[in-house]
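Notes follow the structure.
The values are calculated or read from the model by the stated rules, or taken from the named source; none is laboratory data. Fair warning: this is a prediction, and the values are worked out from it, not measured in the lab. Here Cβ is always computed from backbone atoms with ideal geometry, including for glycine, and neighbour counts include all displayed protein chains. Heavy atoms of the whole protein, side chains included, go into the accessibility calculation; ligands, DNA and RNA do not. Shrake-Rupley method; radii C 1.70, N 1.55, O 1.52, S 1.80 Å.
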Amino acid sequence: MARKNKKSRKNSSPGDNSMNSPNVYNINSSSAYNANSQGVEREPQQASALDHAVIEETIRRKANRRLASLDALRGLNMLFIIGLASLIAACCSLHRSDFRVFGDEGYEAATAVRQFVSPTVLVEIKKQMSHVVWNGLRHHDTIFPLFLFLAGVSFPFSYRKQLANGRPAWRICLKAIIRGFSLFLAGFLYSNAVRFDFPEMRFMGVLQHIGLAWMFAAFIYMACWRRVKLQVGICAGVLILYWLVVALIPARDVAPDSAFTASAFKSRAAQLFTVRAYDKYFDASLAVAANGADAAAAETAEGQAEGELVGEQTDVAEPVVVVRHSLKGLIAGMFDEQPLPEFGSASYPEVGTVDHNLLPEGCVVNYIDRQFVPGKLYHDRDNHRTKMKKGEVETTYDPGIWRNMRDPEGLASTFPAIVTALLGMLFGGVLRADDLICSKSRKLRLLFGYGALLVLIGFAWHLYFPINKNLWNSSFVCFVGGCSAIAMAISYLLIDVWRMYWLGFPFVVVGMNSLGIYMITRIVNFTSMRNFFFADAISRFVPNEYPDPNFVVDPSVADPSAVEIPMIACDSFQNIATICAGLIVSWVFLFWLYRKRIFFKL
């Protein structure tokens, strides 16, 4: 009998809720126990010791279950980092001529396919596999926040598991602190390896950001995990306060003293609700410059026609600029890169205005990083900040240099990142709820509904506070948080509701060791492993050249068949095969860890 129970537990799926029978649930949540076998109700105090043992074991097993869809989505997200994004970009970079390596048949097949696939679509897909410089959003900008969101989703499961196993609250808090600082230390080692040149070391980074944001979000969740409205209020308060601070307060080392007067703050407050979103089909800043230049040229031509004396003062009419915005253009512009204005150009904003505060060189978030984050900032390749402190270079304000003295995972941007983790915990609490209290269909409606609401809020906020992953600003948190919730809902629907475990298994293998593969690839040379198994096969069996189709054999040659046709090199498919080989090696290694039940956790 014991062997049968063990076998049934082994065969149960991660999302199996077979233990959630009505009788078991009533034991757990009601003041009365329905003993259906006897047709009477008994108080818990009157239940036998065996009944209580069954209740406690049921609670413990339900608290310890994993959510397969969560691991699958985390694994899919991790694949984009270890090679899937590079594979998609390489496939989108293929040209029709590259298919000549497979002969005329390959070229004809590519020509037929190209009739149904626009080259513009391929270019846009390839663009999504890279980051924007400043304002804007691409798919690659959502990878990091999705990790933080999923770390938040998993915490309600971990928290309830620890409570069910009898762990006191202070030990749970201590474990959260240890995990937060362990992630910070792991990220520090990932960024710098083991070395001691502290001025040239980067102290902030991806794992550091996740560790700090998750830790503080966990404290908030544990303090008020039963009060959902309070958690939502905290999220809204942090995001609104962050918006006001970034928009209203200029960088102290850039703006003059006049920018910190009461009238200056009042002027900036009046500029808060100016539409700043980039319209892909109508660039208002270029229109301002063009209209101003046209007006000046018209005035000059008019003055010359009337024979005005040189040096005579004339009144120049202010150019009338009609700023237009279209919904289609705003949506398209959001997923494109918004160009930064060049210093000295007509579109460059005045120092001390809201528009200047939202630039890299004028942003108070980057100012805090310049002042308080030790070591080297990510974009400051030449470490100008350290050289300025040593007196090796001039400290005069130069937008071209100060624009790069920033870190996308800085100190101040940790505060809105806490909201991203807390949003994950809110949605994780929904998924963690018992199916008898909140059915799976209701969970899906909540995830899709509130996810869509967050997307709409993020887009509306983007009009005034453009989405920016570098600042981790409020519109970015809402929009990407909503997209993450929708992605979690889709994964939950496919894997835990429709039970398509075969679809999620390849990603679960990666997701259960996502931290491990992230750190191991920094330490272990997977390139040598990939070349050991696949380098010779790729060079031998994947073609990398084709005959020049424009070469014409001279008919005067005695033996045209003996003429050597020049070949054109094409390594596109070998590059794709190499990326695929790297993914295969990484996945097989993770599968071996999965089979051995070796999981790297912090």
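Let me know the shape class of segment 141-189, please: from the alpha-carbon gyration tensor, a ≥ b ≥ c as square roots of the eigenvalues, rounded when a/c is under 1.5, otherwise prolate if a/b is greater than b/c, or oblate. Oblate, because a/c is 1.5 or more while a/b does not exceed b/c. Ranked by the mean number of other Cβ atoms within 10 Å of their residues, highest first, the peptides 119-128, 151-160 come out as 151-160, 119-128.
For the peptides 202-210, 251-259, residues were scored by their other Cβ atoms within 10 Å and the scores averaged per peptide; the highest-first order is 202-210, 251-259.
Using the Cβ-Cβ distance between residue 440 and residue 503 with R0 = 22 Å, the FRET efficiency computed as 1/(1 + (r/R0)^6) comes to roughly 0.80.
Counting Lys and Arg as +1 and Asp and Glu as -1 over every other residue whose Cβ lies under 14 Å from the Cβ of residue 412, the net charge comes to 0.
Solvent-accessible surface (1.4 Å probe) assigned to residue 483 amounts to roughly 50 Å². The candidates 465, 505, arranged from most to least accessible area with a 1.4 Å probe in the full protein assembly, appear as 505, 465. Each other residue within a Cβ distance under 14 Å of residue 352 adds +1 if Lys or Arg and -1 if Asp or Glu, for a net charge of -2. Across 97, 484, the residue with the most accessible area heads the list, and the full order at a 1.4 Å probe is 97, 484. Keeping all protein chains in position, work out how much accessible area residue 195 exposes to a 1.4 Å probe, and write it in Å² to the nearest 10. Roll a 1.4 Å probe over it and residue 195 shows about 90 Å². Among residues other than residue 511 with Cβ under 13 Å from its Cβ, the summed charge is +2 (Lys and Arg +1, Asp and Glu -1). Considering only 478, 462, 412, the residue lying farthest towards the positive end of the dipole of segment 378-511 is 478, judged by Cα position with unit charges set on Cβ. Legend: calculated FRET efficiency, residue 66 to residue 565, from the Cβ-Cβ distance at R0 = 41 Å, rounded to 0.05, equals 0.10. When each of the peptides 358-367, 340-349 is scored by the mean number of other C-beta atoms lying within 10 Å of its residues, the order from highest to lowest reads 358-367, 340-349. Given R0 = 60 Å, the distance between the Cβ atoms of residue 532 and residue 260 translates into a calculated FRET efficiency of 0.45.
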